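Nothing in this text is a laboratory measurement; each read-out follows from the coordinates by a stated rule. Computed from a predicted structure; not experimentally measured. Don't worry about glycine lacking a Cβ; one is built from the backbone with ideal geometry, like all the others, and counts go over all protein chains shown.
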Amino acid sequence: MNKRVDTTRLQEMARAYTASAVLYTALDVGLFTHVSNGSNTETALVEETGLRPVDVDRLVSCALSLELLDWDGDHLVNTLDVEAYLVEGKARYAGAWMMFTRPDVGGWFGMTEKMRIPDSSKLGMYQELTVESARKYHRATASIGFGAARRFVKTVDLSTRRHLLDLGGGSGAYSITAVEHFKELRATVLDLPPVVIATQEYIADAGVQDRVETLGADFTVGEFPSPVDVVVMASNLPIYDGEIIGGVVSRAFRALEPGGEMHLIGEMLNDNRKGPVDAAMWGMNELICGSEGRAHTRAECQKYFASAGFVDIEVIDFVPGILARCVGRKP
């Protein structure tokens with residue numbers, strides 16, 4: 001029997017933007033923070049937000065339907081992930097990260113024109129970064145970056161390593177977390193000159209200035225500081241095309257001591273390119289950002305490593321469905 005086909009999936013896709021808009025609005029008005037702090041009825045939310053009762057009704061209905069809120073008797077409660085990450089003042093608050101791509105919405109709805117009249121460069125929007133825009137960027141992304149870095153040091157043993165090179169390290173999350181966890185390790189964060197000013201502020205806040213240094217440069221060109229025995233490039237893979245990634249991996253290989261290792265962490269497509277969706281979308285995001293980057297498959301990443309000379313290459317799920325980690329060793 002033929003499977004019945006209808007438009008349900010396509011309709012949901014066509015209106016997927018509505019869910020994003022509801023989440024943004026809920027964060028704008030502090031919905032989840034108010035609920036967590038005890039304003040957990042619609043009457044109380046009208047008082048706290050200053051919104052009309054009908055708009056609170058609409059917003060709460062949407063939040064319940066999207067499983068952002070739930071009922072506990074006749075009171076509203078946040079669902080578990082919302083309570084953990086979307087309540088202001090909590091240690092793991094990630095609201096800034098959730099709102100990070102909101103300014104890009106218009107660009108996504110203008111993709112057709114951007115494809116028909118392309119205007120891109122190697123670094124796209126990133127070549128226009130200023131110190132202040134770098135600070136803003138990392139205020140939004142640091143909470144997620146430090147979370148990923150904590151996962152990294154729990155899963156990768158760097159206890160025998162002495163010098164980590166952190167390519168495009170941004171906030172310095174991986175370097176800071178690694179030197180805190182591995183007491184014999186020191187690190188160098190290499191990123192664009194405006195970015196490392198912001199990096200230095202995170203390093204100072206962590207009190208690790210004696211073990212983490214910065215180097216302001218474009219890591220897509222030129223040789224890297226050497227010798228180092230571990231290289232990390234995390235969460236910037238789709239920004240670049242294959243030629244650039246291949247070149248970075250090759251120069252990392254040259255900078256490493258024999259026996260050293262490289263970890264490339266990023267949104268990687270399955271080899272048939274049928275997902276994960278997040279990896280494909282981050283690749284498409286580079287159209288919006290004006291760079292020449294794209295999504296890379298796991299096999300492509302392994303090929304970059306093999307072409308550079310690495311051995312014992314493997315790709316491992318890092319955050320399943322979101323991030324993968326390609327690792328190789330210099331013989």
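Helical runs assigned H by DSSP (4 residues or longer) give the chain a calculated mean residue ellipticity at 222 nm of -13500 deg cm²/dmol, each run adding -39500 (n - 2.57) before division by the residue total.
Note on residue 122: aspartates and glutamates with a C-alpha under 16 Å away, same-chain residues under 8 apart excluded, are 191, 218, 241, 243, 286, 292. Distance distribution P(r), region 8-93, all Cα-Cα pairs, bin width 10 angstrom from 0: 17, 52, 25, 6 percent. Counting 0.36 nm for each residue step from residue 130 to residue 205 and taking away their Cα separation leaves a gain of 24.9 nm.
Starting from the alpha-carbon convex hull of region 68-128, give the projected area averaged over all orientations, in nm². Computed as one quarter of the Cα hull surface, the answer is 7.1 nm². Were the residues from residue 306 through residue 154 laid out at 0.36 nm apart, the gain over their Cα-Cα distance would be 52.1 nm. For the residue pairs 3/274; 90/303; 90/330; 3/114, alpha carbon separations beyond 30 Å are given by 90/303; 90/330; 3/114.
Here is the P(r) of the chain: all C-alpha pair distances, binned every 10 Å from 0, give 5, 22, 30, 23, 14, 5, 1 in whole percents. Stretching residue 54 away from residue 75 to a fully extended chain increases their span by 5.8 nm, per 0.36 nm per residue minus the current alpha-carbon distance. Working from label points 7 Å from Cα in the Cα-to-Cβ sense, the residue 183 to residue 14 distance is 6.3 nm. In straight-distance terms, cross-link reach from residue 154 covers every one of the lysines whose alpha-carbon lies under 20 Å from its own, apart from those fewer than eight places away in the same chain; here that gives 183. Cβ distances below 4.7 Å define possible disulfide partners, and in the chain the cysteines left without one are 62, 289. Axis angle, to the nearest 10 degrees, between helix 242-255 and the longest C-alpha principal axis of the chain: 50 degrees. Compared with the dominant Cα axis of the chain, that is its longest principal axis, helix 17-28 is turned about 90°. To the nearest ten degrees, helix 277-289 and the longest principal axis of the Cα atoms of the chain are 80 degrees apart.
Rounded to the nearest 20, the Cβ-based charge dipole of region 119-329 about its Cα centre (Lys and Arg +1, Asp and Glu -1) stands at 400 debye.
Would you mind classifying region 283-330 by shape? Square roots of the alpha carbon gyration tensor eigenvalues, ordered a ≥ b ≥ c; an a/c under 1.5 is rounded, otherwise it is prolate if a/b is larger than b/c and oblate if not.
Numbers: a/c = 3.42, a/b = 1.61, b/c = 2.12.
Since a/c reaches 1.5 but b/c is at least a/b, the shape of region 283-330 is classed as oblate.
DSSP finds beta bridges in the chain, and of those with both partners inside it, around 40 percent are antiparallel.
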